1. What are the residues in region 55-74 that are over 20 Å from the mean Cα position of the chain (by Cα) and in a helix (DSSP H, G or I), if any?
2. Among the numbered criteria (1) of a type outside the set (S, T, N, Q); (2) in contact with a Lys or Arg (Cβ under 8 Å, 6 or more places away or on another chain); (3) modelled with pLDDT under 90, which single criterion is violated by residue 1?
3. Just the residues that are assigned to a strand (DSSP E or B), of a type in the set (Val, Ile, Thr) and touching a strand residue (DSSP E or B) at 6+ places or on another chain (Cβ under 8 Å), please, taken from region 225-251.
4. Taking residue 39, is it surrounded by fewer than 17 Cβ atoms within 10 Å (Cβ to Cβ) and either part of a strand (DSSP E or B) or not assigned by TED's automatic domain parsing to the domain that holds residue 287 (or both)?
5. Given the conditions (1) over 22 Å from the mean Cα position of the chain (by Cα); (2) modelled with pLDDT under 90, report the number of the one that residue 281 does not fulfil.
6. Identify the single condition in (1) at pLDDT 95 or above; (2) surrounded by fewer than 17 Cβ atoms within 10 Å (Cβ to Cβ); (3) not small (Gly, Ala, Ser) that residue 292 does not satisfy, given that it satisfies every other one.
7. Out of 207, 191, I need the residue that is under 15 Å from residue 254 (Cα atoms), among the hydrophobic types (A, V, I, L, M, F, W, C) and at pLDDT 95 or above. Which one?
8. Condition check: outside any helix (DSSP H, G or I), surrounded by fewer than 20 Cβ atoms within 10 Å (Cβ to Cβ) and among the β-branched types (Val, Ile, Thr). Does residue 105 satisfy that?
Amino acid sequence: MWLHVVSSEFPSRMNVTYFPDDSRPSHWRQPVLALGNFDGFHRGHMKIIGRVCSRASDTGSTPVAMIFDPHPPRIVRPDKAPALLMTKEQKIRTLMSAGVQGVVVVRFTEELSRWKPEAFVRSVLVNWLGVAEVWVGANFLFGCDRSGDFTVLRTLGKQLEFRAEKIDAVRYKEFVISSTRIRRLIREGRVDEVGALLGHHYTINGVVVRGDGRGQKIGFPTANISTENELIPPYGVYATMASIDGIINRSVTNIGVRPSVSEGDEASVETYLFDVDRDLYGLTMKLGFIQRLRDEKKFKSVDLLREQIEVDRLCALKLFDRMSL
């Protein structure tokens, strides 16, 4: 069972508001809105948020992002809904860190999924939020059966007196960056390529929980991470960066069932932090994946396992040195 612990740093309700539960915050002035799902917050998302913040600064308005919870496919086609790259809490924190001054969380329901595009724009964007501008990605779709696109949004904007603009897709090499492609790369363990598309390392958040202490016994104490993140890289050993209390530590992480020391089949996320000698139990950790080092495998003895862990550590150190981490 993955467990996520929400820290006290979560943005206040002055900055995060829910539709239809709440009223629009009175201090939001003529919102310039970034509208989308923003799962993973990749380079394309960064471009949209950057433009919204720039426009809001130029016009003296409030930059706001709007997201949906749960993710709309969970409601309209749950059998095909993808695993998400971020928890809602991660997404909100990331959006706020990127510069928006407010986040709207639309509670997505079966009823809302049946709204036509015009009903959503009138009820949510105009009557409730009072937008001055709305910015979306090139492929943004909304409304019943995803029948609304940017052309529909712009037409409604002209009728209802708000500006609608889109940001062209961002490309990496020969392909368009998308959350769908990033999910596929994570499932394949290609976390270094994921970092290039995201513009940052793929990160899961969690809390350090007690394990069986076997890493301590062989000279490599590990922090067992319990997380609510849905998409975990496949079994294997990874060079990672572990952040605790704002301090970033170089580390190596094993994801899997630990076949050399355990007879069970329960998967775990275990991280060995370099040069860290402190009690970490109960602390929240952010774990960023840099590069896959090898597959998980079973060793014939604890000594061979210990030797391999040392090899993994040295390989990770060389990688960190090349990257100046």
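1. The answer is 55, 56, 57, 58, 59.
2. Tallying (1) of a type outside the set (S, T, N, Q); (2) in contact with a Lys or Arg (Cβ under 8 Å, 6 or more places away or on another chain); (3) modelled with pLDDT under 90, residue 1 fails exactly one: (2).
3. Within region 225-251, the subset assigned to a strand (DSSP E or B) is 225-227, 236-244, 247-251.
If we keep only those that are of a type in the set (Val, Ile, Thr) too, we end up with 225, 227, 237, 240, 244, 247-248.
225, 227, 237, 240, 244, 248 - these are the residues of region 225-251 that are assigned to a strand (DSSP E or B), of a type in the set (Val, Ile, Thr) and touching a strand residue (DSSP E or B) at 6+ places or on another chain (Cβ under 8 Å).
4. Numbers: surrounded by fewer than 17 Cβ atoms within 10 Å (Cβ to Cβ): no; either part of a strand (DSSP E or B) or not assigned by TED's automatic domain parsing to the domain that holds residue 287 (or both): yes.
It is false that residue 39 is surrounded by fewer than 17 Cβ atoms within 10 Å (Cβ to Cβ) and either part of a strand (DSSP E or B) or not assigned by TED's automatic domain parsing to the domain that holds residue 287 (or both).
5. (2)
6. (2)
7. On the way: 207 fails: under 15 Å from residue 254 (Cα atoms).
Among 207, 191, only 191 is under 15 Å from residue 254 (Cα atoms), among the hydrophobic types (A, V, I, L, M, F, W, C) and at pLDDT 95 or above.
8. Numbers: outside any helix (DSSP H, G or I): yes; surrounded by fewer than 20 Cβ atoms within 10 Å (Cβ to Cβ): yes; among the β-branched types (Val, Ile, Thr): yes.
Here the answer is yes, as residue 105 does meet what is asked.
The values are calculated or read from the model by the stated rules, or taken from the named source; none is laboratory data. Computed from a predicted structure; not experimentally measured. Glycine also receives a Cβ, built like all others from the backbone with ideal geometry; neighbour counts cover every protein chain displayed.
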